[in-house]
Structure formats: structure tokens, C-alpha cells
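Quick notes on the structure that follows.
The values are calculated or read from the model by the stated rules, or taken from the named source; none is laboratory data. Please read these numbers as outputs of a predicted model, since none were measured by experiment. For neighbour counting, all protein chains shown are included, and Cβ atoms are generated from backbone atoms with ideal geometry for every residue, glycine included. Accessible surface is based on the protein model in full, side chains and every heavy atom, while ligands, DNA and RNA are left aside. Shrake-Rupley method; radii C 1.70, N 1.55, O 1.52, S 1.80 Å.
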Amino acid sequence: MSARDNILRRLRAAPQGQPPMAPDVAAFHAAVTAAAAPSTRASRIELFCEKMAFWHGEVIRVTRDDWPQKLRELCVAKGVRSLLYGEDSAHAAQLEAASIDGLRPYDRPIDGWKKELFEDTDAGLSATRGGIAETGTLIVWPGASEPRLMSLVPPIHFALLDANQLYDTFFQAMIEQRWSDGMPTNALLVSGPSKTADIQVTLAYGAHGPKELIVLLLVNEEERP
């Protein structure tokens, strides 16, 4: 019997231990939540804005009626000549009615206009699935109506976020939105514009994606600053 066979025989003959128990994640987060001060809608909004600013993102509070007009003002102020949007998205009709110059629908396979997308598109607008107040993070689930490239390639990323979908923690978002029932092939957590760090841990923004992230936070009129 070889040394290898002898080792395998001894391993197989060894008593079998008990499999480790899975951690009780829900209980852990319940304890953490119980120890913290109860959150409110107002506190979630304030914390999200604070954390997003830390990551060099910008949050602008708008209403469901006037966000397209604010977006148009931002495009003019930032010199946006072309704004990419999903023509089949839930907000497309409202956006098209705002008469924003340079609106460009994402309406064809990327192979037919790759150069135009990478070189001539200044900004992209996408919806979000929610936000995480604790970390200042957007939840983005790209799909057929709003592919990932819309929020990845243009130098400016405008993101629509409903304040009703702000959660205290990532765990809360997953549980309340029932992520276990099904997820897309590409689920994203976005905190600020793109960033990277070199070997000296010097953080650089806008290295591999949008240089600016502007969140249009949909709030009630009385929640404006």
C-alpha cells in the first residue's frame, strides 16, 4: 500500500464530525437593529445623502412631477449634448415630454453603435431598485430596457431613486424585496462614481466608469431642503 493510499484509508476511517451550523443571520441583524435608534423616513434620507456625499456622489431632492425639468437644468449646466435613456423604461414617457435636448434611446444592439456610445455619449439615466442609507448605496438591476452599459460607459450617471425604497441596511433591502425569489444575472451596488486605488492606496475617482454620479431622489414637496 502506498503512502497516499494509507493516508486516504485513515481519513476514511476517521470519525465523522458534525457539520457546522449555518449562522442565524436574521437574528444577528435583529439584535443590531434593536440596539440602534429606530429609523424614520427623514433619518434614512439624511443618512443616505450624507453617505453618498462621502463617496463623492451628489443627491438632489426632486418630486415625481418636476424631476425631468431638474434633469434638463442639470444637462444644460453640465454641457450634456447627449443623454442616453431606456425607451421602454417606466419613466421614458415623462422624460420624453420634458423636451430635453440630445435625448438618445438605447434601442439597438451595441455592436452597431459602439463608437458612438463610448465616444459621443455624455450621460446616461437609469432607474434604481432602491437605496441603502447605512452605506449611501444604490441598488441597480440592469435589464433589457436599461442595460448595464447605460450606467457604466457615459461620464455622467444620473440615477432615479424613490425615497420610498430607501432601506436602513443591505440585509433589510434583500429581505423586504424578497431577493431570494429571483435575481437578475447582474445585480449592482453603486456607491458614488467609479473609483480605484493604486498600490499606495491613493483613491482615484472616475477611473473605470462614470466620473460623476448624480442621484435624483424622489421625495415629497415638504421634504425638500
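Work out the charge dipole of the chain with +1 on the Cβ of Lys and Arg and -1 on the Cβ of Asp and Glu about the Cα centre, then indicate which of G209, P19, L138 is farthest towards its positive end. Among G209, P19, L138, the one farthest towards the positive end of the dipole of the chain is P19. Beta bridges from DSSP with both residues in the chain: antiparallel share about 25 percent, rounded to the nearest 5. Take each peptide in 121-128, 35-42, 191-198, 146-153, count the other Cβ atoms within 10 Å of every residue, and average; sorted highest first, the result is 121-128, 146-153, 191-198, 35-42. Hey, with R₀ at 45 Å, roughly what FRET efficiency would L189 and Q69 work out to, going by the Cβ-Cβ distance, to 0.05? Working from the Cβ atoms, E equals 0.95. Remark: segment 153-165, residue by residue, has Karplus-estimated 3J(HN,Hα) of 8, x, x, 10, 10, 8, 10, 8, 10, 7, 4, 5, 10 Hz, where x stands for each Gly or Pro and the curve is 6.51 cos²θ - 1.76 cosθ + 1.60 at θ = phi - 60°. Is segment 21-111 rounded, prolate or oblate when judged by the Cα gyration tensor, a ≥ b ≥ c being the square roots of its eigenvalues, rounded requiring a/c under 1.5 and prolate requiring a/b larger than b/c? Judged from the Cα gyration tensor, segment 21-111 comes out prolate (a/c at least 1.5, a/b above b/c). Would you mind telling me which residue in A92, A133, A77 has the biggest mean-square fluctuation in a Gaussian network model of the chain, where springs connect alpha carbons within a distance under 10 angstrom? Sorting by GNM fluctuation, first place goes to A77. On C-alpha positions alone, give me the angle between the axis of helix 67-77 and the longest principal axis of the chain, in degrees, nearest 10. So the inclination is approximately 80 degrees. Computed from the C-beta positions of Q16 and D181 and an R0 of 41 Å, the FRET efficiency is 0.75 to the nearest 0.05. Please work out whether segment 150-225 counts as rounded, prolate or oblate from its C-alpha gyration tensor, where a ≥ b ≥ c are the square roots of the eigenvalues and a/c under 1.5 means rounded, while otherwise a/b larger than b/c means prolate and anything else oblate? Oblate is the answer for segment 150-225, as a/c is 1.5 or above yet b/c matches or exceeds a/b.
How big is the charge dipole of the chain about its Cα centre, in debye rounded to the nearest 20, if each Lys and Arg gets +1 on its Cβ and each Asp and Glu gets -1 on its Cβ?
1080
Among beta bridges identified by DSSP and lying wholly in segment 81-142, the antiparallel ones come to about 40 percent.
Taking packing as the residue-averaged number of other Cβ atoms within 10 angstrom, the listed peptides 53-59, 9-15 run from highest to lowest as 53-59, 9-15. Taking only the C-alpha atoms of the chain, Rg followed by Dmax gives 22.7, 82 Å.
Close amide-amide hydrogen proximity is noted between V59 and V215, each under 5 Å apart and 5 or more residues distant or on a separate chain (H modeled in the peptide plane; Pro and chain starts excluded). Computed 3J(HN,Hα) for segment 189-203, one whole-Hz value per residue from the Karplus formula 6.51 cos²θ - 1.76 cosθ + 1.60 where θ = phi - 60°, is 10, 10, 10, x, x, 4, 8, 8, 9, 8, 5, 8, 6, 8, 7, glycine and proline marked x.
Relative to the first principal axis of the alpha-carbon coordinates of the chain, what is the inclination of helix 3-13, with its axis defined by its Cα atoms, in degrees from 0 to 90 and to the nearest 10? On a 0 to 90 degree scale, this one is about 90. The string of couplings for segment 100-106 from the Karplus curve (6.51, -1.76, 1.60, θ = phi - 60°) is 7, 5, x, 4, 9, x, 7 Hz, one whole number per residue in order, with x for Gly and Pro.
Computed from Cα positions, the angle between helix 41-54 and the longest principal axis of the chain comes to roughly 90 degrees. Pairs of Cα atoms nearer than 8 Å and 6+ residues apart set the relative contact order; for the chain it is 25 percent.
For the chain, the tally of Lys pairs with Cα-Cα distances below 23 Å comes to 11, considering only residues 8 or more apart or on different chains. Counted residue by residue at 0.36 nm each, then reduced by the alpha carbon distance between them, the extension gain from D198 to A27 reaches 57.7 nm. Amide H contacts for G130 (H built 1.01 Å from N in the peptide plane; partners 5 or more residues away or on another chain; cut-off under 5 Å): I139.
For segment 108-225, what % of the accessible area comes from carbon and sulfur atoms, probe 1.4 Å? Display every interim value, and only then the final one.
Details: 3130 of 5860 Å².
The computed percentage sits at 53.
Accessible surface for segment 122-195, divided over its residues, is 39 Å² per residue with a 1.4 Å probe.
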